[in-house]
1. In whole Hz and in residue order, list the ³J(HN,Hα) couplings for segment 36-42 that follow from phi through the Karplus curve 6.51 cos²θ - 1.76 cosθ + 1.60, θ = phi - 60°; x for Gly and Pro.
2. What order, most packed first, do the peptides 26-38, 196-208, 176-188, 45-57 have when packing is the mean number of other Cβ atoms within 10 Å of each residue?
3. Just order 92-100, 134-142 by mean Cβ neighbour count inside 10 Å, highest at the front, would you?
4. Given labels modelled 7 Å from the Cα in the Cβ direction, how far is it in nm from Asp212 to His18?
5. Semi-axes of the equivalent ellipsoid of segment 44-200: what are they in whole Å, largest first, if each equals the square root of 5 times a C-alpha gyration tensor eigenvalue?
6. With θ taken as phi - 60° and the coefficients 6.51, -1.76 and 1.60, list the Karplus ³J(HN,Hα) couplings across segment 157-173 in order, rounded to whole Hz; mark glycine and proline as x.
7. Under 5 Å between amide H atoms, partner at least 5 residues away or on a different chain: which partners does Trp211 have, H built in plane at 1.01 Å?
8. Using a basic spin-label model with each label point 7 Å from the Cα along Cα→Cβ, how many nm lie between Thr138 and Ile62?
Amino acid sequence: MMLGGNAHGHTVLAIGHHEDESIYDPQNFIFPDGSSWVDVSFFNKKLVLIDDNMPPYQIVDISKPAADYHNLELRKMDIKSFIAPLPVHMYLVAEKAYAMAKEIFDTEIVGLQANGEKWITRLFLTGSRSFKDFLFRTDKTLATVIKNRLLSLPLPKFIWVAQIFKAREYKKEGLCAGLLIMDPTSDGTLPASVLFYMVDNNLFLHDNVNWDKIPKRVVPFRMQIYRNNLKGAWSKWKS
């Protein structure tokens with residue numbers, strides 16, 4: 001990750017994020033003008049850095065990554081760029097995955113503006129094997145008909161996943177009310193890139209021209225927060 005400001009520049013290694021309750025604080029839920037949803041990546045959070053100017057495992061605010069520097073001028077540096085290594089054959093990089101999710105969530109027919117709800121999304125990359133293992137062994141809330149559909153869904157080795165939460169239900173042990181799965185080996189065009197999309201009682205399909213809801217309403221989508229893509233205290237720091 002590159003920090004910069006005025007004539008200064010410095011590279012640091014981000015190895016994780018600080019795990020606390022702030023990400024579930026409603027004060028973080030600042031929605032862009034006219035939007036009914038916001039992704040947690042826009043929440044102010046703290047990163048764990050390895051920085052040769054500071055002791056290891058430095059916890060810094062993402063908006064002020066150099067605030068603890070002794071040099072007052074260097075404290076003004078902010079994040080200018082970052083490099084995130086991805087597995088081979090992953091053509092749908094993070095910014096393109098977010099752009100596709102945004103396009104879908106803002107679409108009139110299948111978007112997140114219905115019912116006057118406010119939504120929190122959580123976009124992440126994970127392995128399909130780990131994801132299905134979570135569904136099979138851990139998640140006890142997902143309806144059987146939906147779980148079976150997801151377990152039988154052909155998936156590439158890695159997948160982009162966006163869990164969709166009603167803002168009023170977004171908390172540490174809360175349940176998401178929707179799910180979007182995208183293929184990172186695709187070129188980022190519809191419909192090939194979207195492998196699954198469901199919000200509440202509505203399962204959406206794309207017919208190569210337009211989005212549509214399946215005619216039969218299914219049971220509501222409710223799923224636990226997925227954590228298998230990260231180590232943490234919850235997993236005793238095991239993969």
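1. 9, 8, 8, 8, 5, 5, 8
2. Values: 26-38: 12.8, 196-208: 16.7, 176-188: 20.3, 45-57: 14.9.
Put in order of decreasing packing, that is 176-188, 196-208, 45-57, 26-38.
3. On the way: 92-100: 17.2, 134-142: 14.0.
Taking the mean over residues of other Cβ atoms within 10 Å, the ranking is 92-100, 134-142.
4. 5.1
5. Details: eigenvalues 221, 73, 61 Å².
Semi-axes from the Cα gyration tensor: 33, 19, 17 Å.
6. Result, rounded to whole Hz: 4, 10, 9, 8, 10, 10, 7, 10, 10, 5, 4, 6, 10, 7, 8, 4, 10.
7. Hits under the 5 Å cutoff: none.
8. 2.0
Only the coordinates and a few stated rules stand behind these numbers; no lab work does. From a predicted model like this one, the values you see are computed outputs, not experimental measurements. Here Cβ is always computed from backbone atoms with ideal geometry, including for glycine, and neighbour counts include all displayed protein chains.
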